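Asks: Can you read through this structure? Questions will come right after.
The values are calculated or read from the model by the stated rules, or taken from the named source; none is laboratory data. Note that the coordinates shown come from a computational prediction; the quantities given were computed from them, not determined experimentally. Using ideal geometry, Cβ is built from the backbone for each residue, glycine included, and neighbour counts are taken over all protein chains shown.
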Amino acid sequence: MIHPASSTDVRTRIAVAPGDGIGPEIMAATLRILEAAGAPVDPTPIEIGAKVYARGETSGIPQNAWDTLRETKVLLKAPITTPQGGGYKSLNVTLRKTLGLFANVRPNKALSPYVHTLHPELDVVIIRENEEDLYAGIEHQQTEDVVQCLKLITRPGCERIVHYAFAYARAYGRKKVTCMVKDNIMKHTDGLFHEVFKEVAKQYPDIESESLIIDIGSALLAEQPERFDVVVTTNLYGDIISDIAAQIAGSVGMAGSSNIGTEVAMFEAIHGSAPDIAGKDIANPSGLLNAAMMMLVHLGASEVAEKIGNAWLRTLEDGIHTGDIYHPDRTQEKVGTQAFADAVIARLGQKPQTMTPWSLPHQAGPIVIPEYQRPKRKKQLVGCDVFIDWAGKDPQEIGDRLTELAGPQFKLKMITNRGVKVYPSGYPETFCTDHWRCRFVSNEAIIEADRKTYPPVDFSALLTLQQRLHGAGEDIIKTENLYAFDGERGFSLGQGE
Ligand code: NAD
């Protein structure tokens, strides 16, 4: 359950972080517009970012800020400056992970002709899983040649984000959700995301669904963005395509985003703290203002968001522009940060005349998603991949050696190097590193083209096998158990296996 909506006649306490660089200026401008529009919020400032880092707090967030966040459950955040080096942690990553902000939502809409874009019809929301994937940050150097980064995709993580995307589409009157992953290659990780997408899509028959491989999907997004409505994807792909979408919309400096958790939600501009223009009253406050409008919808105050959104569009149409979007043919008056805010305030109650006015369906507001129910399947240990550091070059040599050591209970099924089968019967052209993945399964395993049986194996027998390998001088750098779930293989095959 997402944080419940407040009724619009009660002021909801929100935490606001003025941030660094241009942050305090754009926050002041944004809060003035919210106040003038009658937004039902009561802002409580918290201090996070550069000053906190400077005091030696490496997370950039002091305890009292956490306490306020836990009470308010909503944060409007201006950009902060991340210190370089010195063991400081990324404040954004800390906030996302600590508060379980699993969904990153980035609407991108063309503001043509007031903001230049080649795609005037572009109107796409990128919904990105925010906590998992390669961003778990689990990396190891294993041999002289090889480092690894673990890509963790979980069923609850996939279910949450995919449900969120469909529920968002329904709440915001959108028609289609597109899934983009690379499950033709990563059949288990991206495969799980895609499988969950297909399962969840059936529960939203009113919303069209489609799936694309991420490479062609991102190419189409860059070329024909108007064919997309809502896109849902995993963390890394989402990071990349949300920047592509913002860039081709022409609105990197104007877009807002939300980071949604089951308890807390954070709203921010997508740009950084722009230290080069800080303190000059020239920054465009539109990114943070758009984030604030998303926050108002989340709080159930969509009519106030609509009022501000329309005044903002009208301001752009009237040619009142900050320097970053100045254009000699379209700008009537080049203004600073606070004067831009004054122009929006002066237009509250007005609507744009050429651009489509903001209009949100009544049900827009907090998104509710179902609780995760863990499926119960029978898990059986059926083998082990033993990774060995060996500087030799000949796969036959290590293969014969390990076949000897497999013992009566196991057989060496295959060896791969960087995922390609090199034993038995590899190709002499395959380049081999010092990182050998050696797959041991039960001696009774039958693995033929039309028949695959992985009999269960005993964990202590696997430990004895490893002891034997170690005793014979093999350098085991890691092992990965092989499991079947309800008899279904839970691991990938080697290329050529
Ligand atoms: P940036 O987005 O701050 O600036 C890039 C360029 O865009 C600069 O020329 C800047 O002047 C301009 N710009 C950005 N926002 C603008 C606005 N509202 N109005 C007018 N012009 C604007 O990116 P950067 O320079 O790479 O990063 C600066 C700092 O911000 C770094 O410390 C970085 O770590 C941090 N950062 C923070 C966040 C965040 O807090 N969410 C996000 C990105 C970067």
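Asks: Could you look through segment 34-68, keep only residues that are hydrophobic (A, V, I, L, M, F, W, C) and closer than 17 Å to residue 265 by Cα, and pick out the one that is nearest to the ligand (Cβ to nearest atom)?
Replies: It comes out as 48.
Asks: Give the residue, chosen from 71, 25, that is within 11 Å of the ligand (Cβ to nearest atom) and assigned by TED's automatic domain parsing to the domain that holds residue 261.
Replies: 25
Asks: Could you tell me whether residue 242 is surrounded by fewer than 23 Cβ atoms within 10 Å (Cβ to Cβ) and assigned to a helix (DSSP H, G or I)?
Replies: no
Asks: Just give me the residues in segment 69-111 being more than 13 Å from residue 266 (Cα to Cα), without any contact (Cβ under 8 Å) to a residue 40 or more places away in the chain and not aromatic (Phe, Trp, Tyr), in sequence order.
Replies: Scanning segment 69-111 gives 82, 83, 84, 85, 86, 87, 89, 90.
Asks: Where in segment 18-106 are the helices (runs of 4 or more DSSP H), entirely inside, with at least 2 residues that are of a type outside the set (Val, Ile, Thr), within 30 Å of residue 153 (Cβ to Cβ) and under 22 Å from the mean Cα position of the chain (by Cα)?
Replies: The qualifying helices (runs of 4 or more DSSP H) are 91-98.
Asks: Does residue 148 qualify as being over 19 Å from residue 236 (Cβ atoms), of a type outside the set (Val, Ile, Thr) and not in a helix (DSSP H, G or I)?
Replies: Here the answer is no, as residue 148 does not meet what is asked.
Asks: Okay, moving on. Would you mind stating whether residue 126 is under 24 Å from residue 483 (Cα atoms), away from the ligand (no atom under 15 Å from the Cβ), touching a Leu at 6+ places or on another chain (Cβ under 9 Å) and not aromatic (Phe, Trp, Tyr)?
Replies: So residue 126 fails the test.
Asks: Out of everything in segment 78-104 that is near the ligand (Cβ under 10 Å from one of its atoms) and small (Gly, Ala, Ser), what residue ends up being modelled with the highest pLDDT?
Replies: 78
Asks: Taking the stated definitions as given, is residue 177 touching a residue at least 60 places away in the same chain (Cβ under 8 Å), touching a helix residue (DSSP H, G or I) at 6+ places or on another chain (Cβ under 7 Å) and surrounded by 20 or more Cβ atoms within 10 Å (Cβ to Cβ)?
Replies: No.
Asks: Name the pairs whose Cβ atoms lie under 8 Å apart, with the first residue in segment 330-352 and assigned by TED's automatic domain parsing to the domain that holds residue 307, the second of a type in the set (A, V, I, L, M) and at pLDDT below 95, and 6 or more positions between them or separate chains?
Replies: That search, which allows pairs on different chains as well, returns 331/325.
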